[in-house]
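The structure under discussion appears below in the form of C-alpha cells.
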Amino acid sequence: MKIFRPLVVLVAALSATGCISSSDFQAAQRQIAELQEELANVKRTTAVKEDVQNVNSRVAEQTETLLKSSATLASKVDAMEERIATAQGTAEQTGYKVDQISARLTQQAQAIEELRQKVAALTPSPATGGPSTGEASMAEVNVAAPANPAADPMQVYQAAYRDYQRGNYDLAIEGFREFMTANPTSDYADNASYWVGESLFSQKKYRDAIAQFDSVVSKFPKSDKVPGALLKKGFAYLALGERGQGIVQLQYVVHEHPNAAEAALARQRLKTLGVETK
C-alpha cells in the first residue's frame, strides 16, 4: 500500500493549488482505495493458490504412500494364502498316510487272527488225543477255512478299502455297506461306516457325508473313529461355506478329544480361519 502514498500527496498538493476540485480529489481517493482493495484481493488470491498447491502436493504424497502400503498388504495376503493352502495340503496328506497305516495294521491283525484260528484247529484235543494222521489235520484245517473265500467278511472290507484308495468311491461305498449289513456287530463296522463318510466327502457330497459321520458318532460313540468323523464333519461344513458351523464343530473336536491327532488338525485349521484355541 505504500506505493499509493505519493499519489495521495500529489493529489492533495494539486487540490491545495486549485488545479483540481474537491470532488475530483474525492474521486481520486476512491480510485486509490479501490486499487488498494484490488491489490489486497490479488494478494489473498495468490496466497490461496499457494495453499491449494501445498494441499495438492500433500494429497499426492499421501496417495502414493497409501498405494505402496496397499501393494505391500496385498503381497502379504497372497503369501499368507499360499501358506494356508500348503498347510491344508500337508494336513490332508498326513491324514491319508495315517489311514494307510491304519489299514495295514488292520490287515496284519486279521492275518494274525486267521493264523491263530488255524493253529487252534491244528492243536490236538486232549479228550480225543487229536488226529492220528496228517490227512486228519488237513481235514480240520479245511473245516476251519471258509467254504467260499469270496464270502470272507474281511476280504469284502479290504476290497472296499482298496476301491477307496484307488478313487473308486461308489464301489467303496457299496462294499463297506455290504460289510456293515452282513456284519453289524463286527469290530470293523465302525471303520466301514467311517469310510463310507470319507468316500462321500471325497465325492464332494458334503451333506451326505455329514449325515454319515453323524451316524458313526451316534452308533459307535466309543469308537476311535469318532474324532475323525467329527473333524471331517467340520471340514464338510466349511466346504459348504457354513463357516460358523464348521468352526463350532472343530472347536468341539479340540474340547472333547484334546489328545487325539484330529485335535491337532482341528487347531491348525482353526488357526488358518483366524480362530485362536487354547
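The values are calculated or read from the model by the stated rules, or taken from the named source; none is laboratory data. This is a predicted model, so every value here is computed, not measured. Positions of Cβ are generated from backbone atoms using ideal geometry, with glycine treated the same way; all protein chains shown enter the neighbour counts.
Here are some residues: 253, 226, 196. Which one is surrounded by 21 or more Cβ atoms within 10 Å (Cβ to Cβ) and touching a His at 6+ places or on another chain (Cβ under 8 Å)?
Just one listed residue meets the conditions, 226.
Keeping to segment 178-213, report how many residues are within 22 Å of the chain's Cα centre (by Cα) and not polar (S, T, N, Q).
Qualifying residue count for the region: 13.
Quick one: residue 39 ticks every box in (1) modelled with pLDDT under 55; (2) surrounded by 11 or more Cβ atoms within 10 Å (Cβ to Cβ) bar one, so which box is it?
Unmet condition: (1).
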